[in-house]
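Encoded as structure tokens, the structure appears first; notes follow it.
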Amino acid sequence: MTATAGSGVSYASEGNLEGIPESSVSADGKFFDPSPNTIVKVTTGSVGADERPNRSDSVSPAPADATAFRFVKNKQYVGQSCGTDVIQQTSGRGKTTLVLTVDKKVDATVKKEISIDLGQISAGMGWDVTKSYGVSNQTRYEVPRGRFGTVQAFPLYDQYVGEVWEGVSGAFPTGKHVYAYKPVGVCFNQWLE
């Protein structure tokens, strides 16, 4: 798709991580830490940092016929990361103002070090890890005359970690963890060419 001078082209794609240092991308390539080119915006109505609980010891009941099962305890909020999947993008030649408005549903994601039921992870985290969450926000980016600008939108996630425990009575820690990522906003990465 070709952009004409002063216009913006908006589309969703699997893009590159222009302007994001390789060292800030997670080992699995699914998350990155915001760079100086990244504007992080939390969706209105999402839980604020000072409202996030540091830990949770809630456990859903064991299945009736269970002799042993795994569950999550001691959930902790560990920060925020941007996902690497581009959910929307716009670009254009200046002089122009690129406006990118995002209103999407993004799936929560989980990483497990041990086999455990997603329902137990949801119970331990205190939110549904199998669900999609709405993320929405907007950014404006001034592109000077003679330059070409691009704005990409990525999902912003709150990151949580929990300990995996095992047992019905006399439960014990397995030494393994689960990591849950809840979509809460948008990371806008922007740059000039």
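Here are the numbers:
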{"item": "Around Leu118: net Lys/Arg minus Asp/Glu count, Cβ-Cβ under 11 Å", "result": "0"}
{"item": "Protection proxy ranking, peptides 118-128, 25-35, 155-165, 96-106, average beta carbon neighbours within 10 Å, highest first", "result": "155-165, 118-128, 96-106, 25-35"}
{"item": "Virtual spin-label span in nm between Ser35 and Val168, 7 Å along Cα→Cβ", "result": "5.3"}
{"item": "Inter-label distance for Leu118 and Ser24, nm, one decimal - labels placed 7 Å from Cα along Cα-to-Cβ", "result": "3.0"}
{"item": "Global form of the range 107-158, assessed from the alpha-carbon gyration tensor, a/c cut-off 1.5", "result": "prolate"}
{"item": "Residue-count net charge about Asp107 - beta-carbon cut-off 13 Å; Lys, Arg +1, Asp, Glu -1", "result": "+3"}
{"item": "Accessible area expressed per residue, the range 107-153, with surrounding protein chains retained (probe 1.4 Å, Å²)", "result": "48"}
{"item": "Cβ-based net charge around Phe172, under 13 Å, with every Lys or Arg adding one and every Asp or Glu removing one", "result": "+1"}
{"item": "Rh (Kirkwood; distinct C-alpha pairs) - the range 133-186, Å", "result": "15.3"}
{"item": "Viscosity 1.002 mPa s, 20 °C: Kirkwood-radius Stokes-Einstein D of the range 57-193 over Cα pairs, µm²/s", "result": "126"}
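The values are calculated or read from the model by the stated rules, or taken from the named source; none is laboratory data. None of the values given here were measured: they were computed from a predicted structure. Virtual Cβ from ideal backbone geometry, glycine too; neighbours counted across all protein chains shown. Surface areas here come from the heavy atoms of the whole protein model, side chains and all, with no ligands, DNA or RNA. Shrake-Rupley method; radii C 1.70, N 1.55, O 1.52, S 1.80 Å.
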